[in-house]
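For reference, the structure is listed below as structure tokens.
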């Protein structure tokens with residue numbers, strides 16, 4: 001299956017999506033069914049958010065990134081945090097009237113998952129992690145991350161909510177992705193339980209790295225498929241490099 005995760009309106013453009021589809025086809029990779037573009041399915045995410053709000057596990061957060069960083073610095077570091085996204089719980093304790101007043105003023109806000117309340121509803125959770133040595137049952141750990149953002153004032157989805165809903169809608173039974181997203185499985189398992197969605201198996205593989213062991217990324221100017229195509233490399237050469245058999 002091919003899914004285009006294009007809900008970030010500031011960074012996603014139609015020409016980027018077209019290039020992804022073209023590059024995959026050039027490599028000889030194909031997929032079953034139509035391409036699922038997240039930007040075309042926002043109502044699916046709105047319904048999921050509404051359900052989470054109805055069971056009382058969402059709260060609006062009005063903090064800016066600068067305010068969050070300042071609060072963490074004052075506290076001497078985040079007590080617990082999802083990898084790359086620490087949050088000290090500043091808005092979790094706001095009362096209903098305080099939240100309503102801030103919303104009436106037109107402030108921007110994010111909708112965060114109250115993980116403590118969520119786990120109180122779900123109880124212990126686990127999933128099957130496929131490893132080289134065989135399948136292993138992995139326990140969800142609420143202390144592994146902070147209250148994650150699931151939506152925003154003008155956008156009904158974040159990565160975590162959108163992919164969890166998409167996996168269920170598309171009938172995904174095995175999620176294979178990089179080991180940098182292994183911690184996300186804890187979050188997705190909680191959302192599956194809250195939303196009554198099936199739980200796929202997971203496999204988190206090592207990342208492709210450069211000679212210095214750094215993860216290949218656009219921000220580090222790693223080679224793209226398009227740039228290798230322009231250098232005259234063939235699909236077989238690129239696939240051989242990716243598979244480590246060049």
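The values are calculated or read from the model by the stated rules, or taken from the named source; none is laboratory data. Quick caveat: nothing in here was measured; it's all calculated off a predicted structure. Here the Cβ positions follow ideal geometry from the backbone for every residue, glycine too, while neighbour counts run over all protein chains shown.
A few remarks follow.
- Selection status of residue 207, at negative phi, without any contact (Cβ under 8 Å) to a residue 12 or more places away in the chain and surrounded by 12 or more Cβ atoms within 10 Å (Cβ to Cβ): no
- Taken together, the residues in segment 85-142 that are touching a residue at least 12 places away in the same chain (Cβ under 8 Å) and outside any strand (DSSP E or B) amount to 26.
- When segment 1-30 is filtered for residues that are surrounded by 13 or more Cβ atoms within 10 Å (Cβ to Cβ) and in contact with a helix residue (DSSP H, G or I) (Cβ under 8 Å, 6 or more places away or on another chain), the ones remaining, listed by number, are 2, 3, 4, 5, 6, 7, 12, 19, 23, 26, 27.
- Matching residues in segment 4-29 - criterion: being in contact (Cβ under 8 Å) with a residue 24 or more places away in the chain and under 19 Å from residue 150 (Cα atoms): 4, 5, 6, 7, 9, 12
- Residue 199, sole failed condition from (1) assigned to a loop (DSSP other than H, G, I, E, B); (2) surrounded by fewer than 17 Cβ atoms within 10 Å (Cβ to Cβ); (3) touching a residue at least 40 places away in the same chain (Cβ under 8 Å): (2)
Okay, residues lined up against (1) surrounded by fewer than 14 Cβ atoms within 10 Å (Cβ to Cβ); (2) under 12 Å from the mean Cα position of the chain (by Cα); (3) at pLDDT below 95; (4) not in a strand (DSSP E or B):
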site	(1), (2), (3), (4)
147	no, no, yes, yes
151	no, yes, yes, no
163	no, yes, no, yes
168	no, no, no, yes
187	no, yes, yes, yes
190	no, no, no, yes
194	no, no, no, yes
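- Residue identified as in contact with a strand residue (DSSP E or B) (Cβ under 6 Å, 6 or more places away or on another chain) and in the same structural domain as residue 116 (by TED's automatic domain parsing) among 167, 147: 147
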